[in-house]
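A short worksheet on the structure shown next.
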Amino acid sequence: MGDPQNRFAQMVTRLKQEGHRITPQRLAILRILSVSEGHPSAEMIYDQIKKEFPYTSFATVYKTISLAKALGEVLELEFSQGSNRYDGNRPFPHPHLICTRCKTIMDPDLDAVNYLQDEIVKETGFEVTNHRLDFFGICPDCQKTR
Ligand code: ZN
Ligand code: MN
């Protein structure tokens with residue numbers, strides 16, 4: 001996992017460079033994104049932000065996420081069923097483990113996908129610009145309470 005403190009600093013710098021206003025709410029949202037514990041949805045981030053800043057609107061949360069996404073500082077995982085989820089800790093394509101019971105999303109620490117991509121390029125001549133690799137199942141915590 002990337003160092004959340006570094007990721008947070010990078011995101012703040014980037015937004016400032018692009019001329020965006022940095023508010024305390026925005027900083028709090030970026031901080032949550034820099035850790036991306038369990039890969040939160042916008043709703044989950046909103047629930048967390050409200051504890052600290054009760055008057056924050058969902059639109060503020062959503063706009064900040066969209067802005068970070070547009071700047072390439074957060075990875076968006078889209079789902080046809082259920083909310084999109086976000087990873088600002090690793091804002092580049094990487095495999096995910098998705099628990100179908102508690103909906104948590106984890107990052108496995110694997111290099112295998114890099115080898116896989118090299119092999120795909122070598123075998124097919126395809127120019128890979130992006131990929132999406134999701135593994136669905138039951139997380140270790142949920143297995144214990146089965
Ligand atoms: Zn689970
Ligand atoms: Mn991730």
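The values are calculated or read from the model by the stated rules, or taken from the named source; none is laboratory data. All values derive from a computational prediction rather than experimental measurement. Here the Cβ is made from the backbone with ideal geometry for all residues, glycine too, and neighbour counts use every protein chain on show. Accessible surface is based on the protein model in full, side chains and every heavy atom, while ligands, DNA and RNA are left aside. Shrake-Rupley method; radii C 1.70, N 1.55, O 1.52, S 1.80 Å.
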Item checked: the range 12-28, subset outside any loop (DSSP other than H, G, I, E, B) and basic (Lys, Arg), residue surrounded by the fewest Cβ atoms within 10 Å (Cβ to Cβ) -> Lys16
Note to self: Would you confirm, using the coordinates I've provided, whether Gly82 is more than 18 Å from Glu37 (Cβ to Cβ) and out of contact with any Pro (no Cβ under 7 Å at 6 or more places or on another chain)?
What the structure shows: no
Next item on the list: Can you work out which of the residues in the range 76-120 that are of a type in the set (Val, Ile, Thr) and either open to solvent by 90 Å² or more (accessible area, probe 1.4 Å) or away from ligand 1 (no atom under 14 Å from the Cβ) (or both) is farthest from Ala42 (Cα to Cα)?
Entry: Ile120
Notebook entry, point to check: Any chance the range 139-146 includes a residue that's on the phi < 0 side of the Ramachandran plot, in a strand (DSSP E or B) and within 16 Å of ligand 1 (Cβ to nearest atom)?
Noted result: no
Next item on the list: Return yes when Ile45 is under 13 Å from the mean Cα position of the chain (by Cα), at pLDDT 95 or above and not assigned by TED's automatic domain parsing to the domain that holds His131 and no when it is not.
Entry: yes
Next item on the list: Search the range 80-106 for residues that are under 15 Å from Asp134 (Cβ atoms) and near ligand 2 (Cβ under 8 Å from one of its atoms) and pair each with any residue that is of a type in the set (Val, Ile, Thr) and part of a loop (DSSP other than H, G, I, E, B) when their beta-carbon atoms are under 7 Å apart and the residues are at least 6 apart or on different chains.
Entry: Asp87/Val74
Item checked: Every pair of residues 6+ apart whose Cβ atoms lie under 6 Å, when the first sits in the range 132-146 and is touching a residue at least 12 places away in the same chain (Cβ under 8 Å) while the second is within 16 Å of ligand 2 (Cβ to nearest atom) and among the polar types (S, T, N, Q) -> Cys139/Thr104
Notebook entry, point to check: Condition test on Glu123, is it modelled with pLDDT of 95 or more, open to solvent by 100 Å² or more (accessible area, probe 1.4 Å) and either in contact with a Gly (Cβ under 6 Å, 6 or more places away or on another chain) or of a type outside the set (Val, Ile, Thr) (or both)?
Noted result: yes
